[in-house]
Every structure is written in C-alpha cells, then in structure tokens.
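Structure, as structure tokens:
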C-alpha cells in the first residue's frame, strides 16, 4: 500500500511536469530560465525545493539521531542562511543581469579561462549533489519496493528525467510548487504524530539548547560549524539556486523569493531534526540508517508514511531536476561554448545540446551515488568545494573594485589544492568514513574532521585578497551589469 501511494504521488508530479512542458516552445531561454517569467510563488517554491532535498531530510534525520540536533539541523539551517544572504546581497543584481548560467558571470568578470575552470568545478560539485539525492531514491526503493540499491538509484533518476528533458525550468518550477506543498504538510504531520503518540524525547546533550554541539569539538562543534559555513557561504555559488534567481520575472521577485524560501527551509528542516531525536526512544538503540525509513516502515500509520515518503521523493526530484538542468546547461554553454542562435532548420541548437548533455551529467552522478551511499554528507561536500574555490571570487567581486583575474586564479588554485590535500589525508568526511579518496597516513586522525573546511576557505580568501592587492590598479572597473547588458542584448533578439 505504501509503495502504491508513493507511486501515485510520483505519477502526479511527472504529469504536472509534462503538462507544462509545452511552455518551452522550442526556445532555450524558456527551457533554461523559464523565459525569466516566474512569479513569487513559483520562484520561492523552486528555491525552497533546491534547499529542502533528501540530503536535508534523510541526511538531517540520520545525523540528528546519531550526533544531536545541530549535526542534522545544520543542513537546512545552512541552506536557509545561504538563501537569506543571497536575498540580502546578490539576488536583485544577479536577476537584473539577465544571465543564463552562473559561469556567465565569471566570464564577464574574470574572462573566458576562469569561466572554463569555474564550469568544470561546478559540474563536478553538482554531480556530487545530484548523487546525494539519488542515494535517497536508492534507499527508498530498496526498502519499500524490494529492488537493489542500484536499481533504486536508476528509478529515481528515470522519474526526474521523464519531465526534465521535456520541460526544463518550467517543469521544474511547477513541479517544485506541488512538491513543496507535499513536503511542508509531510514534515508538519510527522512532527505532530510523534509529539501526540510518543512525545518529543530529547536525549541528554543532543537537543537544540545543548550548545556544547556548537562550542565543544568533542561534541562535533567543528563539524557542525564547518557544515554551516560550507552551506551558508559555499552554496551562494550554486548553479541551481542562481538558475532560479535568473528565472524570476523581476529583481524584486528574486529577492523576496529568497526570503520566503529561507523561512520555508527552516520550517521544514527543524521538525525532521526533532523527530530524529525522538527516534531512539521509539525504535530502540539498534536503529539502522536511514532512521526515517525505520520509523515509517511499520511504526507510523500507512497514510502518514505515504505522505512523508512522497515528500522525500518530491524533495529529491526537485533538487535533482534543477541540478541536472543546471549542470547540463553549464557544460554546453560555458564549456562547449554554445550561444543563443537559430539554426537553418529553425531549431535552437543550444536547447538540443543541453538535452544531449544530460547523459554524461547523470552518469557521473550515478557513479558517486554508488561509491558513497550517504545522505547529508554528499550535500556538504559539494558546497565545501565551492567554498574553497569560487565563493570568494564571486562574493568579493560584488563589493570590491580591486578584484582581478589573477586574484581569482590564486583563490581557485590555492583553495582547491589545500582542500584536496586535506581531503585525501582525513579518514572521515563530516563524521562519515572517507571511502571516496583516502590515503592512509599517521599525520591526520578523525579529530581533524571539519577543520579542512575552515583551512581551505581561509587559504582561498587570503590568496584572493593578497593577489588582488598586488595586481590591481586602483581604478574602478567597468560595472559588471553594463558588460552583461552589452553581451546579452544582441543574443536576446535572435
């Protein structure tokens, strides 16, 4: 019965995605940024859908149950912080620039070569993020449908591609609106059921007011703050977030959508963490991951299980949709170099190329999902890479007139080198075993976990600022918005 109910929800989402696909009308601008036409409800739902994914639900509950409230809640709260900062400082300007992809900004600000490197880093990072959402589908279908984990990963991927290939950002926006309604209702219903049936039980030292989780490294404070930093700042240079900001119909709508989505992300994420804290008292000490699946399988009423599982699938699909679309667009537009133009047969080659690029993008993500079947960890790792390489070249270019291309190169090179070196030396990744790439050594032990995020980010920031001071000429650069307007205007008329 449970899997039937979830299937009905999936079919409904796919049907909505396919119904609105006609809005694309063969135009790549419609496909990539919904014709820059999304009103506040759709914009906010899309942004929230990218934050409230399966990493921030399943990952949240697994980490909260194992390590305390702040270990899990730092995922949705970090993503909410990113949306808040983006709304305050970046959304209006980025929407006004009328870009198609985030690497367009790096090309205009720092040149074509930086654009290429930034694009590669974004694609790699977001394939990791996509993998984290495929992991949730793998576990869900393995548990409730009886498939293998690999088949479950492929099933959730097939659902996402079913409407993403057809409708692009339009399908993403409309399905995200439906998905977020399901997700908000599901998280609230789950918390109410636990509170009424069992009471919210907080193990000693693991609750939201046990601030040792934020002050004592022995209680995971370093990892928790690293998570908040990686998501709160590193996620600002997120392909999928910015794609939705570009899709809003005005700068004001883009800004307000960030604030609404930030609040919604917290409203959904906190109940999952509180439920996870109670899971030990409900299920006993031998609970296996994912904790939420254990709770829903045989303990929760069937109707509630269907609702919450549908919400998890919806959240996974919403994020995966945006990531697949965004990474494929970056691969085609910013690496291959396709621009807005019409071919001799009247078709849009950029649109066709993006659809073809879905194949290698999802292939890389499936590889990560099979190698690191962890929820939550992959989310943080994805934005840890962005924090160490691209976050400061992006952020400081909005406020400092002395940024230079050399400074961007320095930040990327130093941040990436330091982060990769510390990654391969550290035996754990945010508390999980490093099964991706670990070199056995006696220099670093698990107590160092979390510090690589701060060290790599600090090194990148220092490299950027020092290089900019040495290489800049104090003259004010050409305003980026003017440069974009000059570049985009001719293309928009084709």
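Each reported figure results from applying straightforward, stated rules to the coordinates on display, with no laboratory input. Note that the structure is predicted; figures quoted are calculated from it, not measured. As a convention, Cβ positions derive from the backbone with ideal geometry for all residues, glycine included, and neighbour counts pool all protein chains shown.
Computed quantities for the displayed model
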| quantity | calculated |
| --- | --- |
| Distance from region 192-228 to region 231-251 (C-alpha centre basis), Å | 29 Å |
| Fewest-first ranking of 364, 270, using other Cβ atoms within 10 Å as the exposure measure | 364, 270 |
| Alpha carbon centroid spacing (whole Å) that separates region 152-181 from region 254-287 | 23 Å |
| Rel. contact order, % - alpha carbon contacts under 8 angstrom, at least six apart, region 1-139 | 18 percent |
| Alpha carbon centroid spacing (whole Å) that separates region 87-119 from region 27-45 | 18 Å |
| Order by protection proxy (mean Cβ within 10 Å, highest first), peptides 432-441, 187-196, 62-71 | 62-71, 187-196, 432-441 |
| P(r) tail fraction, region 134-259 - alpha-carbon pairs more than 23 Å apart, % | 61 percent |
| Kirkwood hydrodynamic radius over Cα pairs of region 85-205, then Stokes diffusion coefficient at 25 °C and 0.890 mPa s, in µm²/s | 133 µm²/s |
| For region 272-339, convex hull of alpha carbons as volume per residue, Å³ | 111 Å³ |
| The chain: relative contact order as a whole-number percent, Cα under 8 Å and 6+ apart | 28 percent |
| Calculated FRET efficiency for the pair residue 417/residue 299, C-beta based, R₀ 60 Å, to 0.05 | 0.80 |
| Packing-based order for 157-165, 174-182, 398-406, using average beta carbon neighbours within 10 Å, highest first | 174-182, 157-165, 398-406 |
| Residue order, fewest to most surrounding Cβ atoms within 10 angstrom, among 97, 169, 242 | 97, 242, 169 |
